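I have placed the structure first, in the form of structure tokens, so that the comments after it can refer back to it.
Derivation of every value follows stated rules applied to the coordinates shown; laboratory data play no part. Predicted model, so just to flag it, every value in this text is computed and none were measured. A quick note on method: Cβ atoms are made from the backbone with ideal geometry, for glycine too, and the neighbour counts reach across all protein chains shown.
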Amino acid sequence: MRLDEFNEADAADARAVVAVWAAIPVWVEAIVAARPYSSVDALAEAAAMLAASWGRADLDAALAHHPRIGEKPAGSGAEAAASRSEQASMVDADASVADRIAAGNRAYEERFGRVFLIRAAGRAPDEMLTELERRLGNDDESEVAEACDQLAQIAMLRLRGAFAEG
């Protein structure tokens, strides 16, 4: 997609694009309402500033659309395709690492009541496992902040990727 196409798209189409980056309705609406953007950098800066205020409710909204690390995303939409691409390194994961990630996912969900979220793009499975194990030791408040930061990293990568292709 080109930036001019995004700027000129009707609001519903623009919302659909932005929701792939992070499905947080208030954030999506704010980004769409602030169009037009002079550059992708300006769009990314605005998106990052808005993401800096994310909290538990925003995280919960977004996590409804994120698969567990190591699980195949369901569906055929743009968000599922993005998750498949971001988790590509898991395809070749060592079986013992994959099993430990699956067990860690269960422990994380039991401890925090939500799916473990990490920017998987550019990370090897063993690095994700190390982070999962480390973050199991976080208190709830610290983990919400860390998960929101990971979500923002994912959103920024998806945003930039959407315009790199066009």
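What 222 nm value per residue comes from the helices of the chain, counting each DSSP H run with n ≥ 4 as -39,500 (n - 2.57) and dividing by all residues, nearest 500 deg cm²/dmol? Mind dumping the intermediate values first?
Numbers: 9 runs with 109 residues, N = 166.
The helix-only estimate for the chain comes to -20500 deg cm²/dmol at 222 nm.
What nm distance separates the two modelled labels at Asp92 and Ser53, each placed 7 Å from Cα along Cα→Cβ?
4.3 nm
Sort 20-29, 3-12, 128-137 by the packing proxy (mean of other Cβ within 10 Å over each peptide's residues), most packed first. Please list the in-between numbers first.
On the way: 20-29: 19.9, 3-12: 13.2, 128-137: 16.4.
Answer by packing, highest mean first, reads 20-29, 128-137, 3-12.
Per 0.36 nm of contour for each residue apart, how much would the distance between Asp149 and Ser39 grow if the chain were fully extended, relative to their Cα-Cα spacing?
Residue separation times 0.36 nm, minus the Cα-Cα distance, leaves 37.3 nm.
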